[in-house]
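Below is one structure, written out as structure tokens; the observations come after it.
The values are calculated or read from the model by the stated rules, or taken from the named source; none is laboratory data. Because the structure is a prediction, the values reported are computed rather than measured. All Cβ positions, even for glycine, are placed from backbone atoms using ideal geometry, and neighbour counts span all protein chains on display.
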Number of protein chains: 2
Amino acid sequence: MFAVHDFLKSAQRGAVAVAAALLLVTSAKAQSDPLPSWNDTAPKAAIVAFVEKVTTENSPDFVPEPERIAVFDNDGTLWVEHPMYTQLAFALDRVKAEAAAHPEWKDKQPFKAVLEGDMKALAAAGEKGLVELIMETHADMTHDEFQKVVSEWIATARDPKFNKPYTELVYQPMLELLAYLRANGFKTFIVSGGGIEFVRPWAEQVYGVPPEQVVGSSIKTQFEMRDGLPTLFRLPQVNFIDDKAGKPVGINAHIGRRPIAAFGNSDGDLEMLQWTTMTGGSVRFGMIIHHTDADREYAYDRKSEFGRLDKALDAAAINNWTVVDMKADWKEIFLEK
Amino acid sequence: MFAVHDFLKSAQRGAVAVAAALLLVTSAKAQSDPLPSWNDTAPKAAIVAFVEKVTTENSPDFVPEPERIAVFDNDGTLWVEHPMYTQLAFALDRVKAEAAAHPEWKDKQPFKAVLEGDMKALAAAGEKGLVELIMETHADMTHDEFQKVVSEWIATARDPKFNKPYTELVYQPMLELLAYLRANGFKTFIVSGGGIEFVRPWAEQVYGVPPEQVVGSSIKTQFEMRDGLPTLFRLPQVNFIDDKAGKPVGINAHIGRRPIAAFGNSDGDLEMLQWTTMTGGSVRFGMIIHHTDADREYAYDRKSEFGRLDKALDAAAINNWTVVDMKADWKEIFLEK
């Protein structure tokens, strides 16, 4: 992926080399399709038309580079979110890994349900049970410890359906889209309902998105000196939920300007898409990924437990957001490795 | 100021122009001093030595560009904070501007004190009074409305001592330092105890720091649809105080990696400097701006009401942070316009 810092680094090696590299990039761009995993259907055309509009200098729709902010939901937009959110699979694995140190969990819900693989009992524990699971597995440790646990898990865990690491279940068309936008001067941000610190340890390597461009839900952290060393400690208290009406709040807190493009797939992204596109004026782009491919991935929308797409699908028609039909519009879903 | 986006924009104009521009930049760099407003004393040498260390490839202290994060306090580090924090001057002006619509303020503290210019009574109102002032002047309006109020004020208000706009009371040596770090692949962030939305409207133009690289204190905001348009509304509730032990928390929330350089001037920056530099390992840089120049600016430290520098001055000696003596180390403080 093309990254500004790589470009600048190479620039330091000398002007002649840069000139040559730029000529190569320019001619490669002219010859090759930046979105090869997208079929030549309406969504691809809409993306390219939007990017050309906002990058054409002296056009009325031109947007200066610093304002080219694009925001992407993560679960179901950049990677698989079925049969459950990956972060939930992480929490369940953590309960199992820590069970030996917590003999009381054998008789205590929702931990009992997790240890017995009783998904019905787990569902019955509801949101309260879920928060309890998250706090038990995500808090009461230092920031560095949590980063290590996440990094180790993501490197080894495998999705049950595809039997692949979760980081290989990212959507190839969306990776191409991220790179295409960045090559056109966009700054790409992840705006996830999931935990900000669950995404950051691998987002740079997998998506090319650095930690400072990840927005997400969080628990409270506290600074303290421990054994003479400064430490950030994770407290079992919710700090911010970056979902639904929280997404525009999170976007404003982290980015401080309104995005010009937003990409989501569920009702959790509705307000982010509204905030991005409904300005009453300038050119904006909204896109919904609709999971329609039961053969290659999953098919779900209005009644799904994870990634429900109902209100936002109705809103897409009203607001002219581009809806991607995964089955029809994506040539490849995953990169074969 | 040299900005990446400007550079990239010009890059689009063609490889040949870029090559020419780079040759100019390279030769200009070789010939000219990137920190001309700094005297040739120890602090300048320490900065240059640090930057050369972390940017020299194949050296043991080399830091890849994405990890070159530098954080700057704002009040007293990048601009003047006496006779009072500029944001407090803003709040007082707002009370005066809105007094006609609030006849009850004539008899109600701390507003009465502000309207009568009674700084003793204002001080007596303490932190509780200050929070009341901030909430009354910073909340109960939309995000866009607040941005407009700040932008209009900063464009017209003048500092009482220098009779200049506040944006001309930024320290020229620090502007040069920001630009020097960016030219060496650093990403520069402001980490202010002041309000994030008070700094963002002008930080890009004045410091070359875009809104997404500003961290600061905040009040709660709420997303809602108003007359069919998505709106962020500012609520009169404290969300986060980005000061003292809050600074490492704010840095982690926004940036997600530990900075390698931190610049502050007061006890409010102590924990930020600890978090940045006390890693028990790799090369880091910490700097304290010590206000020692009563003639050209102000002289204050251990007993000052605004920007008290006491514990952090002791910590500087222990932790090898570079202390800038403004009188001795800065050739110019402000750029004459």
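Search the range B:238-249 for residues being in contact with a Ser or Thr (Cβ under 9 Å, 6 or more places away or on another chain) and at the interface with chain A (Cβ under 7 Å from one of its Cβ atoms), and hand back the single one that is farthest from residue B:69 (Cα to Cα). For the range B:238-249, the residue satisfying everything is B:249. The selection criterion, being in contact (Cβ under 8 Å) with a residue 40 or more places away in the chain, touching a helix residue (DSSP H, G or I) at 6+ places or on another chain (Cβ under 6 Å), polar (S, T, N, Q) and surrounded by 17 or more Cβ atoms within 10 Å (Cβ to Cβ), does not hold for residue A:151.
Among the residues of the range B:280-303, the ones that are in contact with a strand residue (DSSP E or B) (Cβ under 8 Å, 6 or more places away or on another chain) and within 13 Å of another protein chain (Cβ to nearest Cβ) come to 3 in all. Across the range B:183-208, what is the number of residues that are in contact (Cβ under 8 Å) with a residue 60 or more places away in the chain and more than 10 Å from chain A (Cβ to nearest Cβ)? Going through the range B:183-208 one residue at a time, the tally reaches 11.
Of all residues in the range B:64-78, those that are on the phi < 0 side of the Ramachandran plot and at pLDDT 95 or above have Cβ atoms under 9 Å from Cβ atoms of residues that are in a helix (DSSP H, G or I) and among the aromatic types (Phe, Trp, Tyr), 6 or more apart or on another chain, in B:72/B:207; B:74/B:207; B:78/B:207. Of the residues making up the range A:209-237, those that are more than 8 Å from chain B (Cβ to nearest Cβ), within 25 Å of residue A:256 (Cα to Cα) and either among the small types (Gly, Ala, Ser) or out of contact with any strand residue (DSSP E or B) (no Cβ under 6 Å at 6 or more places or on another chain) (or both) number 2.
The number of residues in the range A:309-333 that are aromatic (Phe, Trp, Tyr) and surrounded by fewer than 20 Cβ atoms within 10 Å (Cβ to Cβ) comes to 0.
Yes or no, residue by residue, for (1) within 26 Å of residue B:302 (Cβ to Cβ); (2) out of contact with any Lys or Arg (no Cβ under 7 Å at 6 or more places or on another chain); (3) not in a strand (DSSP E or B):
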position	(1), (2), (3)
B:232	no, yes, no
B:235	no, no, no
B:262	yes, yes, no
B:283	no, no, yes
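The residues in the range B:114-131 that are under 20 Å from residue B:104 (Cα atoms) and surrounded by 13 or more Cβ atoms within 10 Å (Cβ to Cβ) can be counted, and the count is 10.
Each row is one residue, and each column tells you yes or no for (1) over 30 Å from residue B:222 (Cα atoms); (2) in contact with a helix residue (DSSP H, G or I) (Cβ under 8 Å, 6 or more places away or on another chain); (3) of a type outside the set (Ser, Thr, Tyr).
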| position | (1), (2), (3) |
| --- | --- |
| B:235 | no, no, yes |
| B:249 | no, no, yes |
| B:253 | no, yes, yes |
| B:262 | yes, yes, yes |
| B:282 | yes, no, no |
| B:293 | yes, yes, yes |
| B:296 | yes, yes, yes |
| B:303 | yes, no, yes |
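When the range B:114-166 is examined, which residues are found to be within 20 Å of the chain's Cα centre (by Cα) and within 14 Å of chain A (Cβ to nearest Cβ)? Selection gives B:146, B:147, B:150, B:151.
When residue A:81 is tested against the conditions (1) in contact with an Asp or Glu (Cβ under 6 Å, 6 or more places away or on another chain); (2) farther than 27 Å from residue A:302 by Cβ, the lone failure is (2). Quick check on the range A:261-279: of everything there that is surrounded by fewer than 22 Cβ atoms within 10 Å (Cβ to Cβ) and either within 22 Å of residue A:185 (Cβ to Cβ) or more than 16 Å from the chain's Cα centre (by Cα) (or both), which residue is farthest from the other protein chains (Cβ to nearest Cβ)? Ranking the qualifying residues of the range A:261-279, first place goes to A:279.
Among the residues of this structure, residue A:229 counts as one that is free of Cβ contacts under 8 Å to residues at least 40 places away in the same chain and surrounded by fewer than 18 Cβ atoms within 10 Å (Cβ to Cβ).
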